[in-house]
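Undergrad: Before we start, here is the structure in question, set down as structure tokens.
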Amino acid sequence: MILHHYMDSSLLLISLLVHFAAMSKSAGCCKSFLHYAFDYETPKTVVIPNLGVGFLFRFTQFLVVVYVVGYVCVVQKAYQETDTVISTVSTKVKGFALTNTSDIGPHFWDVADYVIPPQGDHSFFVLTNMVVTPKQVQSRCPELPSPSSICVDDCDCVEGRSDPRGNGIQTGLCENYSTTVQTCEVLSWCPLEIDTKLPTSPLLAAAENFTVLIKNSITYPKFNFHRRNIMPYITSSYLKKCEFNRSTDPECPIFRLKHIVSEAGEDFQDMAVKGGMLGILIDWSCDLDWWAGNCFPKYSFRRLDNKHPVNNVAPGYNFRFAKYYKTADGEETRTLIKAYGIRFDVIVFGTAGKFSIVPTIVNLGAALSFLSLVPAVADWILVTCTRKRDLYSRHKTAYLNEDADTEVTVGTTYGTQ
Amino acid sequence: MILHHYMDSSLLLISLLVHFAAMSKSAGCCKSFLHYAFDYETPKTVVIPNLGVGFLFRFTQFLVVVYVVGYVCVVQKAYQETDTVISTVSTKVKGFALTNTSDIGPHFWDVADYVIPPQGDHSFFVLTNMVVTPKQVQSRCPELPSPSSICVDDCDCVEGRSDPRGNGIQTGLCENYSTTVQTCEVLSWCPLEIDTKLPTSPLLAAAENFTVLIKNSITYPKFNFHRRNIMPYITSSYLKKCEFNRSTDPECPIFRLKHIVSEAGEDFQDMAVKGGMLGILIDWSCDLDWWAGNCFPKYSFRRLDNKHPVNNVAPGYNFRFAKYYKTADGEETRTLIKAYGIRFDVIVFGTAGKFSIVPTIVNLGAALSFLSLVPAVADWILVTCTRKRDLYSRHKTAYLNEDADTEVTVGTTYGTQ
Amino acid sequence: MILHHYMDSSLLLISLLVHFAAMSKSAGCCKSFLHYAFDYETPKTVVIPNLGVGFLFRFTQFLVVVYVVGYVCVVQKAYQETDTVISTVSTKVKGFALTNTSDIGPHFWDVADYVIPPQGDHSFFVLTNMVVTPKQVQSRCPELPSPSSICVDDCDCVEGRSDPRGNGIQTGLCENYSTTVQTCEVLSWCPLEIDTKLPTSPLLAAAENFTVLIKNSITYPKFNFHRRNIMPYITSSYLKKCEFNRSTDPECPIFRLKHIVSEAGEDFQDMAVKGGMLGILIDWSCDLDWWAGNCFPKYSFRRLDNKHPVNNVAPGYNFRFAKYYKTADGEETRTLIKAYGIRFDVIVFGTAGKFSIVPTIVNLGAALSFLSLVPAVADWILVTCTRKRDLYSRHKTAYLNEDADTEVTVGTTYGTQ
């Protein structure tokens, strides 16, 4: 009995006390104790010259070892301790464009105009389309026509009512919206925004040629490992002219927006009309056991929002913001902008693994347990399936006859009873 | 000895070399080698017909198996590999309100006015109260009265001094703050903000009825599993009119602000006065073993800041921002706004588990080890606590007498010495 | 054979069916079954009075136990289940400064002017230097001189061409940039920004004395553990006057910017010229087993961007934003600001551990497996390296002679063959 031995270890102290009491009067107490504590108890074994069972036994052992070493250690790297990445990202968009619309005439756009927020966080928005409502002031104007706002006379409008789908608080009057339609007057920022007139081709179609520089600095705190996505061997001159390309420039941190969108399987011009969300995923999965050089960022791109209209609300990506002005006489006016565009989210993830003694012990230990199953199986086959099973049983196992105080072989009295 | 066998495996190579040297001269070398490598060595056993110990042995085995299968596997799902969620969030607030204060008269508020930042990130701020200081210009004005700023004449003020608790850099003059108090003049944005006059009821009390739409897209990169919080079977028409409610609409991604705050155990109107931080927690803990359908977001809400005034500094949540204007003659003026409000942080967390062979092996293996403890305990009971322990010891254990080269039974010479 | 027993357990059902069929006709069936299921099979052992091997055996056991208990349990805390921190951060910068430049004259700066974004997220930017280009309007002006923009006459300029390194879209005309240089005229926001004139000493040098209050609220969802970086025993009065210092005030959440930068090993004035990124790392690694009081935030500071110019593009940290104005006649003008400054990223990380039964079982189980290696080693030494190895082999191992149906001792027939 293997484990008998260390069970003894833990039970030793108690047993010792009992035995010491018994042994104290006898001579050679110390020698007895030494023998009690350090005599070595080992199982009696019998060697059975059956090559079949022997081979089966060795082969199964071999399979378990191969499995553990091959799969658990090599493929799954179960001997490694892991840590999750911590990251900071800064982004910088470059590019400009000229638009020419009937509303505002020729207009030049640069980074300060179309990137929101301007400070280049891990998440940045590039404006590609917009509905502009200039010169809004706090005043009264007729509501946009809708089943609930159309009225015939003032009785249809209730002062102070605010329809959640409307644009302001009703004043109780019914006014001419156009020559044919009358709607309830509301208190709001007037004139009201009419966002149904969204251009079908994106305003800033040229945005597809803008580029973004992504700087990413990561840390694996458990391993005190720091790295940047701009590798030490990359030179400034290369960075000034390179552009990311999976096959030719996989390490360049400058991405053309069109390239990002097309790698995500989308069309930039399509997406630019109503906006959307795009993930720039940076995978920093690393094996830190070898030289640190094999820890590189892997870029991939994926659309994050749902473009299917069936189970969607507020499809695309847009938000409203306003630029506030003051007129010469101190009145506040604003230009309301409903901005459509692509929000790029830089998502950094990854797990680093490094050899550590604890997972190694745990995984090897667990594998040893499986090895200990092997003789159990081999024994069972030996006494059950072999031709000479009676012979083997007789020599392996004895059956204690308590009354006669003798052992009888299993083969004749028990095993085949 | 079980493990003897595979120890042999690893020691085989060395032993073989030694033995080959010894065997090389003898005939039948190959047959000898085969027998050496594949003879099967198995422990001799004795069957003891003691139903008590036998039952105890089987019962303990049963307990360990039940424990491992029941607790470790079923309850703790220790056979699973896990991965941490990666998420993107976009939010969109809806609602408008009319305020009527003595300062600025009736004023209409919409999303572009009260949501900061406007682009609807995972963290958004809804303005509920404010201290407005309009028409500030770079100039000189008397400091707000405080023990350190009150003065009698110019000697009390030092040119260029800047008190960290003050509002500007002293010019060295002492000016009339009011008809009764004189304070040092400072260079600053004047007039100075007086933020002690915070309204006791929130300005935008109506904000409690605003709603926010939360779109959340998650990924478990290890399992290549993507999901959105708007499930595929939810229709657009449902999304247009639903509102989150734990019992009736648990899957609707549209939340009324008042509902969020009250689920967090707070009162919206209370919180709106001085502001605060509220976490919208989305738990994406998933079991990906079964059909993927059982991976749903679970929403919960919690106040994140400390509302107890005792160990707090700058209680509530507020920040200052300014709108910059230019007067007709080119001078820059600004409207300083100290904005109080509720910052909502959408916090996405979760761990997904999926069956994997490595944790299964490790956990089963560790359990097997515990099973191997059972016979050690049973043996110890057998030779220590049973009535016929001498009989059993005698047949189980022999004591080698080295001098006589014979074995003696333990019962008579050693065990009960 | 230890594991034989529970192998039997799992094979019992099948075996029982077979045996029941065989036993059904015999008398005493039930008693036979009881004996079959509950007879206790235990290995025969021989006690070998070799103190050397016995001591080696006990000592190796002791080493394994010490290793497992000492290293795996105490040092590595492998008995703990872990969870990753979830955190929210709010920040509030305080301070003001006066600048006096030839461009804009004396100017007073407060929080609303230099903190971007204003709402105090986990990432905030403190402006320290800037290039201001006021009164830009959409118009035409000659491009900045560069090899590609210098021209002699209109033939050198192509209408509609836009150079990615330029500042606008060429109109096709060649205009006087200065009295000596002619460049192509571009359509852009004019006048163009000249960002090469960056002041060599930072504009807001005084920013080093600004302070930032960091409020951090964390959660370990698995353990339902919540905590703030402002401990419950810290009083408001302490918070009003304290300042973080690693030795004297390690728990004060108010940090002087200069202190942060110098702890990161950088010089504030150096960094302020071209900007940079600084990480404020908060480590919430906690041992939740003991009283919760030993779970404290540990602050550290690290520069996140690359200051070495060799493998760098766009060194430092800057971004462009604009303030938009309207002139009296409704024309839009803007002040373009290229803002240089330090972006502070509050990075919260940490893992909490708490006693859990599953990792305890797994780690103890794996350790037990290693203990079971010990007798295998001891046996091998016993029959290989000891002086009386023949004697021990003869009594430990028998060799089955199949033909004679007798066992022969290993010592004479096999082991030393």
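Undergrad: Only one of (1) crowded, with 18+ Cβ neighbours inside 10 Å; (2) farther than 30 Å from A:G330 by Cβ; (3) more than 14 Å from chain A (Cβ to nearest Cβ) is not met by B:N294, so which one is it?
TA: The failed condition is (1).
Undergrad: Here's another thing I want to ask about it. Would you check if there is a residue in segment A:332-348 being closer than 30 Å to C:A78 by Cα and open to solvent by 10 Å² or more (accessible area, probe 1.4 Å)?
TA: yes
Undergrad: Okay, next question. Return the residues of segment B:368-397 that are open to solvent by 10 Å² or more (accessible area, probe 1.4 Å), more than 18 Å from B:T45 (Cα to Cα) and touching a Gly at 6+ places or on another chain (Cβ under 8 Å); say none if nothing qualifies.
TA: B:L368, B:F370, B:T386
Undergrad: Return only the number of the condition from (1) modelled with pLDDT under 80; (2) open to solvent by less than 40 Å² (accessible area, probe 1.4 Å); (3) facing chain A (nearest Cβ under 10 Å) that C:G411 does not satisfy.
TA: (3)
Undergrad: Which condition number does C:V131 fail, the rest of (1) surrounded by fewer than 21 Cβ atoms within 10 Å (Cβ to Cβ); (2) closer than 30 Å to B:G279 by Cα being met?
TA: (2)
Undergrad: Among what's in segment B:23-48 and is out of contact with any Gly (no Cβ under 7 Å at 6 or more places or on another chain) and modelled with pLDDT of 80 or more, pick the residue that is surrounded by the fewest Cβ atoms within 10 Å (Cβ to Cβ).
TA: The extreme case among them is B:E41.
Undergrad: Ok, one more. Hey, any hits in segment C:322-331 for a residue that's within 7 Å of another protein chain (Cβ to nearest Cβ) and not in a strand (DSSP E or B)?
TA: yes
Undergrad: Looking at segment B:110-125, I want the residues that are more than 16 Å from B:L257 (Cβ to Cβ) and have a partner that is of a type in the set (F, W, Y) and surrounded by fewer than 23 Cβ atoms within 10 Å (Cβ to Cβ) with Cβ atoms under 7 Å, at least 6 apart or on another chain. Which pairs are those?
TA: B:A112/A:F321; B:P118/A:F321
Undergrad: Are any residues in segment B:68-103 free of Cβ contacts under 8 Å to residues at least 40 places away in the same chain and not hydrophobic (A, V, I, L, M, F, W, C), and if so, which ones?
TA: B:G70, B:Y71, B:Q76, B:N100, B:S102, B:D103 - these are the residues of segment B:68-103 that are free of Cβ contacts under 8 Å to residues at least 40 places away in the same chain and not hydrophobic (A, V, I, L, M, F, W, C).
Undergrad: Additional query: Looking only at strands (runs of 3 or more DSSP E) that lie completely in segment A:66-152, which have at least 3 residues being away from chain C (no Cβ under 13 Å) and in contact with a helix residue (DSSP H, G or I) (Cβ under 6 Å, 6 or more places away or on another chain)?
TA: Those strands (runs of 3 or more DSSP E) span A:123-142.
Undergrad: How about segment A:210-285: which strands (runs of 3 or more DSSP E) wholly inside it have at least 2 residues that are open to solvent by less than 20 Å² (accessible area, probe 1.4 Å), closer than 27 Å to A:T351 by Cα and not basic (K, R)?
TA: A:211-220, A:276-283
Undergrad: Identify the residue in segment B:158-177 that is charged (D, E, K, R) and within 14 Å of chain C (Cβ to nearest Cβ) and, among all such residues, is surrounded by the fewest Cβ atoms within 10 Å (Cβ to Cβ).
TA: So, considering only residues that are charged (D, E, K, R) and within 14 Å of chain C (Cβ to nearest Cβ), the one surrounded by the fewest Cβ atoms within 10 Å (Cβ to Cβ) is B:R165.
Undergrad: Sticking with this one: Only one of these conditions is not met by C:Q136: (1) touching a residue at least 60 places away in the same chain (Cβ under 8 Å); (2) surrounded by fewer than 21 Cβ atoms within 10 Å (Cβ to Cβ). Which number is it?
TA: So C:Q136 meets the others, but not (2).
Undergrad: Now for a separate question. So, in segment C:178-194, exactly how many residues are open to solvent by less than 50 Å² (accessible area, probe 1.4 Å) and polar (S, T, N, Q)?
TA: So the answer is 3.
Undergrad: Now a separate question. For A:K354, are the conditions met, namely being over 30 Å from A:Q269 (Cβ atoms), surrounded by 18 or more Cβ atoms within 10 Å (Cβ to Cβ) and more than 9 Å from chain B (Cβ to nearest Cβ)?
TA: Answer is yes for this residue.
Undergrad: From (1) open to solvent by less than 20 Å² (accessible area, probe 1.4 Å); (2) more than 10 Å from chain C (Cβ to nearest Cβ); (3) of a type outside the set (A, V, I, L, M); (4) in a loop (DSSP other than H, G, I, E, B), pick out the condition that doesn't hold for B:K307.
TA: Checking B:K307 against (1) open to solvent by less than 20 Å² (accessible area, probe 1.4 Å); (2) more than 10 Å from chain C (Cβ to nearest Cβ); (3) of a type outside the set (A, V, I, L, M); (4) in a loop (DSSP other than H, G, I, E, B), the one that fails is (1).
Undergrad: Output the number of the condition that C:C155 fails; it satisfies all remaining conditions of (1) surrounded by fewer than 15 Cβ atoms within 10 Å (Cβ to Cβ); (2) under 25 Å from C:T200 (Cα atoms).
TA: Failed condition: (2).
Undergrad: Which residue is nearest to A:T335 (Cα to Cα), if the candidates are limited to segment B:311-321 and must be under 27 Å from the mean Cα position of the chain (by Cα) and at the interface with chain C (Cβ under 7 Å from one of its Cβ atoms)?
TA: B:Y317
Undergrad: In this structure, is C:L364 open to solvent by 20 Å² or more (accessible area, probe 1.4 Å), within 8 Å of chain A (Cβ to nearest Cβ) and either closer than 30 Å to B:A78 by Cβ or basic (K, R) (or both)?
TA: No, not satisfied.
Undergrad: Now a separate question. Just to be sure before I move on: is B:K197 open to solvent by 50 Å² or more (accessible area, probe 1.4 Å) and either of a type in the set (G, A, S) or not in a helix (DSSP H, G or I) (or both) in the structure I sent?
TA: It is true that B:K197 is open to solvent by 50 Å² or more (accessible area, probe 1.4 Å) and either of a type in the set (G, A, S) or not in a helix (DSSP H, G or I) (or both).
Undergrad: Can you tell me which residue within segment C:217-260, out of those that are among the β-branched types (V, I, T) and more than 21 Å from the chain's Cα centre (by Cα), is farthest from B:S285 (Cα to Cα)?
TA: C:T248
Undergrad: Also, quick follow-up: Which of the residues that make up segment B:71-109 are open to solvent by 30 Å² or more (accessible area, probe 1.4 Å) and more than 30 Å from B:G353 (Cα to Cα)?
TA: B:K92, B:K94, B:F96, B:L98, B:N100, B:T101, B:S102, B:D103, B:I104, B:P106
Undergrad: Taking the stated definitions as given, is C:A339 within 7 Å of chain A (Cβ to nearest Cβ), of a type in the set (G, A, S) and touching a residue at least 24 places away in the same chain (Cβ under 8 Å)?
TA: So C:A339 fails the test.
The values are calculated or read from the model by the stated rules, or taken from the named source; none is laboratory data. In this text the structure is predicted, and so the values were computed from the model without any measurement. Virtual Cβ from ideal backbone geometry, glycine too; neighbours counted across all protein chains shown. Only protein heavy atoms, including side chains, enter the accessible area calculation; ligands, DNA and RNA are left aside. Shrake-Rupley method; radii C 1.70, N 1.55, O 1.52, S 1.80 Å.
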